[in-house]
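**Student:** This structure is in structure tokens; I'll ask about it shortly.
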Amino acid sequence: MSNEYVVRVLETVKKRAPGEAEFHQAVSEVLESLVPVIEKNKDFEDAGILERIVEPERQIIFRVPWIDDKGKVQVNRGIRVQYNSALGPYKGGIRFHPSVNASIIKFLGFEQIFKNSLTGLMMGGGKGGSDFDPKGRSDNEVMRFCQSFMTELYRHIDADTDVPAGDIGVGAREIGYMFGQYKRIKNIFHGVLTGKGLLYGGSLARKEATGFGTVYFCEEMLKDKKTSFEGKKAVISGSGNVAIYAAQKAMSLGAKVIAMSDSGGYVYDAEGINLDVVKKLKEIERKRISEYVKEVKSAKYTEGCAGIWTIACDVALPCATQNELDGKSARSLVKNGCIAVAEGANMPSTPEAVKVFLDAKIAYGPGKAANAGGVSVSGLEMSQNSQRLAWTFDEVDSKLHQIMINIHNAAKNAAIEYNTPGNLVNGANIAGFIKVAKAMQSQGVI
């Protein structure tokens, strides 16, 4: 990173947010990509675009007290980072997980700015969450927590201000409880949250969107290599919504998914994963992936997650969590003949892993581009809510498919324009940034 302006901004970020490793990683990766853009567009420096874009417009941290089933008072921390509204209302998920802290929420919110920009929809960037862990909690405990969380959050969100969605630990159940509390407090029924149930304003294809979108993006990368998913072996980390529906779409395009995982370990099935079993375990019974081998005798379960990347495959889809795929794992994938990696999770590859993929010149789709399908359909849900309409599954899926094609093309063309052809990391960052930067310039210094 040789540009003095970019270096100065990054140093300021690290000084203002000491110890926030995930946030520093995300900002560093984006700013490094933007050096040629800044050098070509000096007016961005004059307007202080980088200084403003790395600093959230607003950060809200609040206490979330609630009572568990034993009558004991519990206290968690809630966070909402409203990062950038140049392109529209803040848009980004809410994550409930013990790992949630300011660094993780800021990294996710910062990434969301560019991801949302790439979709072509009118959405700014934001993110939120809590260190509450819904695992092992009863429905009533989850309800009481969500109601307490929304009792503070409602002050800061609105259909035209900030529209949260779900993320890790926040599914239809949690969204329903939060929506109900918002409606109760505000006495307004409108699209303040996305990922809602179909009976009260949700969109068809939202559950499938991130996984489907990741595969649609990967399909475009494979087309550039004059090939397709047909006959390919795929390894997919995770077994939540993103992984399950990435597997479903990859299989429908002719791939054989041979491994999936959860936080405990992974299953390998050379004959191909039985997705019906995975769906039953994860969506209905909420059991560990290790239970898979009790029902599918051809499969083998291995403790620990990292080993999944040692399995020889043509396509790898990391769909679990940030920094799950390190340099060693990346080298294993390349050595074993992997030709494409598309990220269904947010920043699942470490910087070392990304460098391995780029140096090997395999097709690599970064999360802010490859997993933008979820927020794309959230944006489409907002449109349906505003019009009081409900589109069919095929209508939504068709719009999603075209958005993912557009995102791939935007990243691909930006990479070519700025002399790094094939580097979709640079391309996605540049294409997403330029749109936001120009909007910020148009709106003055705010």
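**Student:** Quick one: how many residues across the stretch 352-396 are more than 20 Å from Ile105 (Cβ to Cβ) and in a helix (DSSP H, G or I)?
**Tutor:** Residues that pass the stated criteria total 27.
**Student:** Condition check: out of contact with any helix residue (DSSP H, G or I) (no Cβ under 8 Å at 6 or more places or on another chain) and free of Cβ contacts under 8 Å to residues at least 12 places away in the same chain. Does Arg184 satisfy that?
**Tutor:** Yes: the conditions hold for Arg184.
**Student:** Just the residues that are closer than 23 Å to Val81 by Cα and of a type in the set (Ser, Thr, Tyr), please, taken from the stretch 134-161.
**Tutor:** Passing the criteria: Ser148, Thr151, Tyr154, Thr161.
**Student:** Which of the residues spanning the stretch 237-277 are of a type in the set (Phe, Trp, Tyr) and open to solvent by less than 30 Å² (accessible area, probe 1.4 Å)?
**Tutor:** Answer for the stretch 237-277, where residues must be of a type in the set (Phe, Trp, Tyr) and open to solvent by less than 30 Å² (accessible area, probe 1.4 Å): Tyr245, Tyr266.
**Student:** Output yes when any residue across the stretch 315-328 is assigned to a helix (DSSP H, G or I) and modelled with pLDDT of 95 or more, and no when none is.
**Tutor:** yes
**Student:** Among the numbered criteria (1) open to solvent by less than 30 Å² (accessible area, probe 1.4 Å); (2) without any contact (Cβ under 8 Å) to a residue 40 or more places away in the chain, which one does Ala345 miss?
**Tutor:** Exception for Ala345: condition (2).
**Student:** Answer yes if at least one residue in the stretch 378-386 is buried (at least 22 other Cβ atoms within 10 Å of the Cβ) and of a type in the set (Asp, Glu), and no otherwise.
**Tutor:** The answer is yes, given that some residue of the stretch 378-386 is buried (at least 22 other Cβ atoms within 10 Å of the Cβ) and of a type in the set (Asp, Glu).
**Student:** Does the stretch 9-20 hold any residues that are surrounded by 14 or more Cβ atoms within 10 Å (Cβ to Cβ), of a type outside the set (Val, Ile, Thr) and more than 19 Å from Ile434 (Cα to Cα), and which are they?
**Tutor:** Listed by number, the residues that qualify are Lys14, Ala17, Glu20.
**Student:** A follow-up question, please. Could you say whether any residue in the stretch 257-274 is under 25 Å from Val170 (Cβ atoms), over 23 Å from the mean Cα position of the chain (by Cα) and at pLDDT below 95?
**Tutor:** No, the conditions are met nowhere in the stretch 257-274.
**Student:** Related question: Among (1) touching an Asp or Glu at 6+ places or on another chain (Cβ under 8 Å); (2) modelled with pLDDT of 95 or more; (3) hydrophobic (A, V, I, L, M, F, W, C); (4) open to solvent by 20 Å² or more (accessible area, probe 1.4 Å), there is one condition Val6 misses while meeting the rest; what is its number?
**Tutor:** The failed condition is (4).
**Student:** Need pairs with beta-carbon distance below 9 Å; first residue under 29 Å from Ala330 (Cβ atoms) and within the stretch 290-306, second hydrophobic (A, V, I, L, M, F, W, C) and open to solvent by 50 Å² or more (accessible area, probe 1.4 Å); sequence gap 6+ or separate chains.
**Tutor:** What qualifies is Ser298/Ala270; Ala299/Ala270; Lys300/Ala270.
**Student:** Of the numbered conditions (1) open to solvent by 60 Å² or more (accessible area, probe 1.4 Å); (2) among the hydrophobic types (A, V, I, L, M, F, W, C); (3) in a helix (DSSP H, G or I), Ile407 fails exactly one; give the number of that condition.
**Tutor:** (1)
**Student:** Given the stretch 23-140, what helices (runs of 4 or more DSSP H) lie entirely inside it while holding 3 or more residues that are open to solvent by less than 10 Å² (accessible area, probe 1.4 Å) and in contact with a Lys or Arg (Cβ under 9 Å, 6 or more places away or on another chain)?
**Tutor:** Qualifying helices (runs of 4 or more DSSP H): 102-119.
**Student:** Look through the stretch 180-238, keep the residues that are over 30 Å from Tyr268 (Cβ atoms) and polar (S, T, N, Q), and return whichever of them is nearest to the chain's Cα centre (by Cα).
**Tutor:** Applying the filter and picking the extreme gives Thr194.
**Student:** Which pairs turn up if I take residues in the stretch 97-123 that are within 14 Å of Asp162 (Cα to Cα) and look for partners that are open to solvent by less than 10 Å² (accessible area, probe 1.4 Å) and assigned to a loop (DSSP other than H, G, I, E, B) with beta carbon separation below 6 Å, at least 6 apart in sequence or on another chain?
**Tutor:** As it stands, the answer is Asn116/Met123, since those pairs meet every condition given.
**Student:** Related question: Would you please list the contacts, defined by Cβ atoms under 6 Å and residues six or more apart or on different chains, that run from a residue in the stretch 370-397 that is farther than 14 Å from Leu121 by Cβ to a residue that is small (Gly, Ala, Ser) and at pLDDT 95 or above?
**Tutor:** Ala370/Ala342; Asn371/Gly344; Phe393/Ala205; Asp397/Ala205
**Student:** Sticking with this structure for a sec: Conditions first: (1) within 14 Å of Asn385 (Cβ to Cβ); (2) of a type in the set (Phe, Trp, Tyr); (3) open to solvent by less than 30 Å² (accessible area, probe 1.4 Å). Phe189 passes all but one, so which condition is the exception?
**Tutor:** Every listed condition holds for Phe189 apart from (3).
**Student:** Tell me, please, whether a residue that is modelled with pLDDT under 95, crowded, with 17+ Cβ neighbours inside 10 Å and among the hydrophobic types (A, V, I, L, M, F, W, C) can be found in the stretch 157-169.
**Tutor:** Checking the stretch 157-169: at least one residue is modelled with pLDDT under 95, crowded, with 17+ Cβ neighbours inside 10 Å and among the hydrophobic types (A, V, I, L, M, F, W, C).
**Student:** Right, here's the next one. From the list Asn413, Asn429, pick out the single residue that is touching a Gly at 6+ places or on another chain (Cβ under 9 Å), assigned to a helix (DSSP H, G or I) and either loosely packed, with under 15 Cβ neighbours inside 10 Å or at pLDDT 95 or above (or both).
**Tutor:** Asn413
Every residue, every condition in (1) open to solvent by less than 10 Å² (accessible area, probe 1.4 Å); (2) touching a strand residue (DSSP E or B) at 6+ places or on another chain (Cβ under 9 Å), yes or no:
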site	(1), (2)
Thr310	no, no
Cys319	no, yes
Asp326	no, yes
Leu333	yes, yes
Cys338	yes, yes
Thr350	no, yes
Leu358	no, yes
Lys368	yes, no
Arg388	no, no
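The values are calculated or read from the model by the stated rules, or taken from the named source; none is laboratory data. Just so it is clear, the structure is predicted and the values come from calculations on it, not from any experiment. Positions of Cβ are backbone-derived with ideal geometry, glycine not excepted, and every protein chain shown enters the neighbour counts. Heads up: the accessible areas ignore ligands, DNA and RNA and are worked out on the full protein's heavy atoms, side chains in. Shrake-Rupley method; radii C 1.70, N 1.55, O 1.52, S 1.80 Å.
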